[in-house]
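Peer 1: Quick one: the structure is below, questions incoming.
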Amino acid sequence: MPEELDETTATSGQTTDIDDTTDAADAADTTEAADAAEPADDGEIHSGVGVLDKTVKILDALESGPATLGQLVAATGLARPTAHRLAIALERHRFVLRDQHSRFALGSRFAELAAAAGEDRLLTAAGPILQTLLDRTGESAQIYRRQGDQRVCIAAVERASGLRDSIPVGAMLSMEAGSAAQILLAWEDSERLHQGLRHAKFSAAKLAAVRKRGWSESVNEREEGVCSISAPIRNASGQVIAAISISGPSGRMGSAPGRRYAPLVMAAGKYLTDALIKASSGR
């Protein structure tokens with residue numbers, strides 16, 4: 001049994017006790033840092049609100065990928081009960097989720113807040129480009145960002161009629177299959193790439209080809225009868241931060257959809273990359 005499930009079960013009957021002690025623990029955390037917002041000798045930032053600093057440690061640890069409770073403890077240096085209490089609290093607010101292996105991972109709430117704030121430069125530029133892709137290809141178009149072992153759809157447009165691959169904004173899909181998953185994994189560092197390939201339906205050789213040509217395709221990989229083509233969206237530093245895709249029934253898009261649609265999807269990805277670079281430079 002995974003250690004998180006075991007510990008959660010062991011404490012499931014003590015919710016009231018945990019909640020009752022939270023205020024006292026948080027009050028102690030609040031006063032433990034003497035210099036608010038001053039970097040400590042260890043290089044860490046202390047806000048003066050200890051529980052907030054510890055929560056940020058949890059989120060920082062999860063930024064590099066899913067983690068078990070034991071891994072969170074090792075990465076953050078927090079006591080095991082504290083790490084568990086904060087991770088569960090973050091899960092309740094959807095800042096953290098559990099993946100299929102019961103590990104903690106960043107949740108969908110971050111994408112929701114970015115969209116609600118209206119300050120996400122990618123989302124601001126995405127709407128017209130997705131609509132153009134739909135108009136030119138006749139297929140549904142989406143943008144995905146990675147969140148741990150999953151990817152979240154942060155923007156989408158769909159065909160008005162006929163067969164289509166319907167993926168709503170906020171949908172969480174696996175990183176183990178699909179052309180967008182290939183894009184979001186292909187340029188990762190070697191360790192995360194190796195971990196991502198363990199259960200993937202695509203191979204290291206396929207990702208090498210993706211890096212070389214700059215686009216990916218999947219046919220019946222994520223779902224039988226569905227195919228897709230994706231390309232990267234990069235930030236001003238050249239880092240792949242999202243994947244732009246079109247998807248639809250393989251019966252209509254064919255057995256090698258990349259030959260037909262890849263140039264259009266790549267052009268859309270480049271347009272959004274250029275828009276992000278321009279926005280970041282203030283031009």
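Peer 1: Report whether or not A267 is modelled with pLDDT of 90 or more and within 12 Å of S179 (Cβ to Cβ). I'd like the intermediate steps shown before the answer.
Peer 2: Working: modelled with pLDDT of 90 or more: yes; within 12 Å of S179 (Cβ to Cβ): no.
No; evaluated as a whole, the condition is false for this residue.
Peer 1: For residues that are free of Cβ contacts under 8 Å to residues at least 40 places away in the same chain and touching a strand residue (DSSP E or B) at 6+ places or on another chain (Cβ under 9 Å), tally how many sit in the range 59-72.
Peer 2: Residues that pass the stated criteria total 4.
Peer 1: Now for a separate question. Please enumerate the residues belonging to the range 161-181 that are among the hydrophobic types (A, V, I, L, M, F, W, C) and in a loop (DSSP other than H, G, I, E, B).
Peer 2: Taking the range 161-181 as the starting set, the residues that turn out to be among the hydrophobic types (A, V, I, L, M, F, W, C) are 163, 167, 169, 171-173, 175, 177, 180-181.
Scanning the range 161-181 gives L163, I167, V169, A171, M175, A177.
Peer 1: Another question, then. Being within 21 Å of F95 (Cβ to Cβ), of a type in the set (D, E) and modelled with pLDDT under 95 is true for just one of D165, D189, D149. Which residue is that?
Peer 2: Unique residue meeting the criteria: D149.
Peer 1: Assuming L193 fulfils every condition listed in (1) closer than 26 Å to K278 by Cα; (2) in a helix (DSSP H, G or I); (3) not acidic (D, E) apart from one, which condition is it?
Peer 2: It fails just one condition, (1).
Peer 1: Could you tell me whether E188 is closer than 17 Å to A141 by Cα, surrounded by fewer than 22 Cβ atoms within 10 Å (Cβ to Cβ) and of a type outside the set (S, T, Y)?
Peer 2: Against the criterion (closer than 17 Å to A141 by Cα, surrounded by fewer than 22 Cβ atoms within 10 Å (Cβ to Cβ) and of a type outside the set (S, T, Y)), E188 does not qualify.
Peer 1: On the basis of being at positive phi, surrounded by fewer than 20 Cβ atoms within 10 Å (Cβ to Cβ) and touching a Lys or Arg at 6+ places or on another chain (Cβ under 8 Å), does G254 make the cut?
Peer 2: It is true that G254 is at positive phi, surrounded by fewer than 20 Cβ atoms within 10 Å (Cβ to Cβ) and touching a Lys or Arg at 6+ places or on another chain (Cβ under 8 Å).
Peer 1: Within the range 50-66, can you find the residues that are surrounded by fewer than 18 Cβ atoms within 10 Å (Cβ to Cβ) and not in a helix (DSSP H, G or I)?
Peer 2: S64
Peer 1: A further question follows. Being of a type in the set (G, A, S) and surrounded by fewer than 17 Cβ atoms within 10 Å (Cβ to Cβ) is the filter; apply it to the range 257-281 and report the residue that is nearest to I143 (Cα to Cα).
Peer 2: A267
Peer 1: Among (1) closer than 22 Å to T132 by Cα; (2) in a strand (DSSP E or B); (3) touching a Lys or Arg at 6+ places or on another chain (Cβ under 6 Å), where does T273 come up short?
Peer 2: (2)
The values are calculated or read from the model by the stated rules, or taken from the named source; none is laboratory data. Bear in mind the structure is a predicted one, so any value in this text is a computation, not a measurement. Cβ: placed from backbone, ideal geometry, glycine included. Neighbour counts: every protein chain shown.
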